[in-house]
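The structure appears right after this line, and notes come after that.
Where a number appears in this text, it was derived from the coordinates with a stated rule and is not lab data. Only a predicted model underlies this, so the values are computations on that prediction, with no experimental measurement involved. Note: ideal-geometry Cβ built from the backbone for every residue, glycine included; neighbour counts use all protein chains shown.
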Amino acid sequence: MYKNLLKLCELIIPDVKLITNSFRLLIEIIPLNKNKIMKRKFLILWFLSSSFTFLAQTEVKGQEMVPMYDTYQKAYKLGSVYYKTGTKIPYTGVLYGKYDNGNYQTMQEYVDGIGNGKWIDFNPEGVKECEGTYVDNRVEGPVKFFYEDGSLKSEGQYLHWKKPIGLWKYYDKAGNVVHTMTYTR
């Protein structure tokens, strides 16, 4: 079980070798007997959650993460160009916003200060609400919306800043397609 978890961790985060090596050490130093099984499980869960929380606050797949409040903006043909505070170079990496409770509100990829790449929005409880892609500061391309329980609610494509285009599928909470619709220009 733990070996599969370690492999998954290494796939998700390229620089996770340090964490997985520490995790292996943690597993080896806590002897496994009936009295210490719960303690071992607790320590493993605590270690994993604190490790991923640390990584999530600093890097996503090797990209620097910066809170949106630590940036400034300049006008762009559509939206703004983002700069990390204290620099004059357009920001490349992931910008994020958080709710007052500390949960992520949004994560968005930027290249040279422009929204280009994946974005994810979360509700205040930290559950993913929707995800999609930016192209030149416009929400375009594949997009997915989710129910409160995390199951897929709908999926389709956007064109020209959130204009639905092409085939859209709508699902019930069990994952069954309940409706389809084709949008045209």
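Which entries of LYS77/LYS169; LYS118/LYS163; LYS84/LYS144; LYS128/LYS173 show an alpha-carbon separation above 22 angstrom in the structure shown? LYS77/LYS169; LYS84/LYS144, as the Cα separations exceed 22 Å there.
Give, as ranges by residue number, the residues of region 111-151 whose backbone N falls under 12 Å from the point 7 Å along Cα→Cβ of TYR99. Zone members listed by number: 122-129. For region 116-185, the list of GluC sites (Glu not before Pro) that fall in a loop by DSSP and count at most 16 other C-beta atoms within 10 angstrom reads GLU125, GLU148. Shown in residue order for region 79-92 are the 3J(HN,Hα) couplings computed by the Karplus curve 6.51 cos²θ - 1.76 cosθ + 1.60 at θ = phi - 60°: x, 9, 9, 9, 10, 5, 3, x, 10, 10, 9, x, 6, 10 Hz (x for Gly and Pro).
Among SER80, SER154, a tally of other beta-carbon atoms within 10 Å of each Cβ gives an order, fewest to most, of SER80, SER154.
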